[in-house]
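Here the structure is laid out as structure tokens; the discussion comes afterwards.
The values are calculated or read from the model by the stated rules, or taken from the named source; none is laboratory data. Just so it is clear, the model here is predicted, and its values are computed rather than measured. All Cβ positions, glycine included, derive from the backbone under ideal geometry; neighbour counts span all protein chains shown.
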């Protein structure tokens with residue numbers, strides 16, 4: 001059993017909410033990575049700060065989850081707070097209560113909302129109409145907490161996050177969008193290989209490029225992987241796209257991250273996958289379970305990055321509006 005200790009959070013973010021990585025400066029991303037590493041080491045040594053003592057965090061989930069729910073619930077508990085898991089089907093949101101009403105009421109009950117939902121507009125409206133921090137735990141457009149956790153894994157494995165060449169294979173989805181935002185923020189080189197019909201959002205790409213991001217986008221997996229130090233992929237059909245699975249498997253032919261494709265990457269390349277994985281589709285069993293895969297440590301790092309995010313956004317709160 002770890003010992004909870006009084007501790008003043010060492011990092012305070014300028015933003016009140018985390019809806020996308022674009023909300024953060026490069027310095028704040030580096031600060032979160034450093035703090036998450038410290039929290040991980042402290043937890044392994046038996047210590048955790050009481051940053052969320054006497055605070056409650058609502059976890060509002062419209063989409064099912066394993067890693068996101070467990071990591072956020074435990075993150076709140078390990079920081080001395082109280083998590084309140086709220087599937088949207090069990091709330092008045094399922095009966096079309098206006099989001100503005102939910103946001104204002106929840107702001108009088110809890111100290112923050114962690115939201116896993118479909119539309120980015122949902123987290124944006126909750127943030128706009130409430131008075132407490134809102135954390136995007138996944139939308140169809142962005143998955144910022146996952147990519148921040150992935151960067152923690154890269155830092156652990158390679159000693160830094162700005163020098164490696166990153167490769168994204170597959171769907172131009174919320175993960176791709178958050179990798180694009182991270183590349184624009186931190187300045188690392190990012191190569192994306194996506195089928196032409198499944199490219200990332202043009203506006204997100206254009207905004208990143210305008211900010212000087214070093215990003216290339218093509219449809220050749222081999223070209224994108226060649227020489228990369230970090231190779232990441234995701235399922236071809238995400239939640240809500242199950243009806244498209246057969247058509248997507250045909251469109252993504254040739255995009256499976258197998259041993260032959262991984263052999264084109266740098267010798268020290270590491271493989272990331274945010275899970276769950278469909279073995280034999282976007283990634284082979286051999287690669288997922290192979291020596292270059294770091295997906296299990298990557299999954300663990302969700303816990304420690306969530307703690308750093310919660311501490312920075314919620315631990316500094318003076319209190320809820322009356």
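What helices (runs of 4 or more DSSP H) lie completely within segment 98-158 and have 3 or more residues being under 16 Å from residue 274 (Cα atoms)?
The qualifying helices (runs of 4 or more DSSP H) are 144-158.
Can you tell me how many residues within segment 24-49 are in contact with a strand residue (DSSP E or B) (Cβ under 9 Å, 6 or more places away or on another chain) and surrounded by 16 or more Cβ atoms within 10 Å (Cβ to Cβ)?
Total satisfying the criteria: 5.
Report yes if some residue within segment 199-213 is in the same structural domain as residue 283 (by TED's automatic domain parsing), modelled with pLDDT of 95 or more and closer than 15 Å to residue 255 by Cα; otherwise report no.
Yes, the conditions are met somewhere in segment 199-213.
Inspect all residues belonging to segment 293-316 and state whether any of them is modelled with pLDDT under 95 and out of contact with any helix residue (DSSP H, G or I) (no Cβ under 6 Å at 6 or more places or on another chain).
Looking through segment 293-316, at least one residue is modelled with pLDDT under 95 and out of contact with any helix residue (DSSP H, G or I) (no Cβ under 6 Å at 6 or more places or on another chain).
Could you grab me the full set of residues in segment 66-87 that are assigned to a loop (DSSP other than H, G, I, E, B) and buried (at least 16 other Cβ atoms within 10 Å of the Cβ)? Explain how you work it out, then say what you get.
We begin by selecting, within segment 66-87, every residue assigned to a loop (DSSP other than H, G, I, E, B); these are 66, 79-81.
79, 80, 81, listed by residue number.
Among what's in segment 259-274 and is assigned to a loop (DSSP other than H, G, I, E, B) and in contact with a helix residue (DSSP H, G or I) (Cβ under 6 Å, 6 or more places away or on another chain), pick the residue that is nearest to residue 297 (Cα to Cα).
If we filter segment 259-274 for residues that are assigned to a loop (DSSP other than H, G, I, E, B), which is where we start, we get 263-269, 274.
Among the residues that remain, those that are also in contact with a helix residue (DSSP H, G or I) (Cβ under 6 Å, 6 or more places away or on another chain) are: 264-265, 274.
Working: 264: 23, 265: 21, 274: 11 Å.
So, considering only residues that are assigned to a loop (DSSP other than H, G, I, E, B) and in contact with a helix residue (DSSP H, G or I) (Cβ under 6 Å, 6 or more places away or on another chain), the one nearest to residue 297 (Cα to Cα) is 274.
Among the candidates 282, 268, 244, which residue alone is in the same structural domain as residue 196 (by TED's automatic domain parsing), at pLDDT below 95 and surrounded by 13 or more Cβ atoms within 10 Å (Cβ to Cβ)?
244
Return yes or no: is residue 224 under 30 Å from residue 41 (Cα atoms), buried (at least 18 other Cβ atoms within 10 Å of the Cβ), within 24 Å of the chain's Cα centre (by Cα) and modelled with pLDDT of 95 or more?
Working: under 30 Å from residue 41 (Cα atoms): no; buried (at least 18 other Cβ atoms within 10 Å of the Cβ): yes; within 24 Å of the chain's Cα centre (by Cα): yes; modelled with pLDDT of 95 or more: yes.
It is false that residue 224 is under 30 Å from residue 41 (Cα atoms), buried (at least 18 other Cβ atoms within 10 Å of the Cβ), within 24 Å of the chain's Cα centre (by Cα) and modelled with pLDDT of 95 or more.
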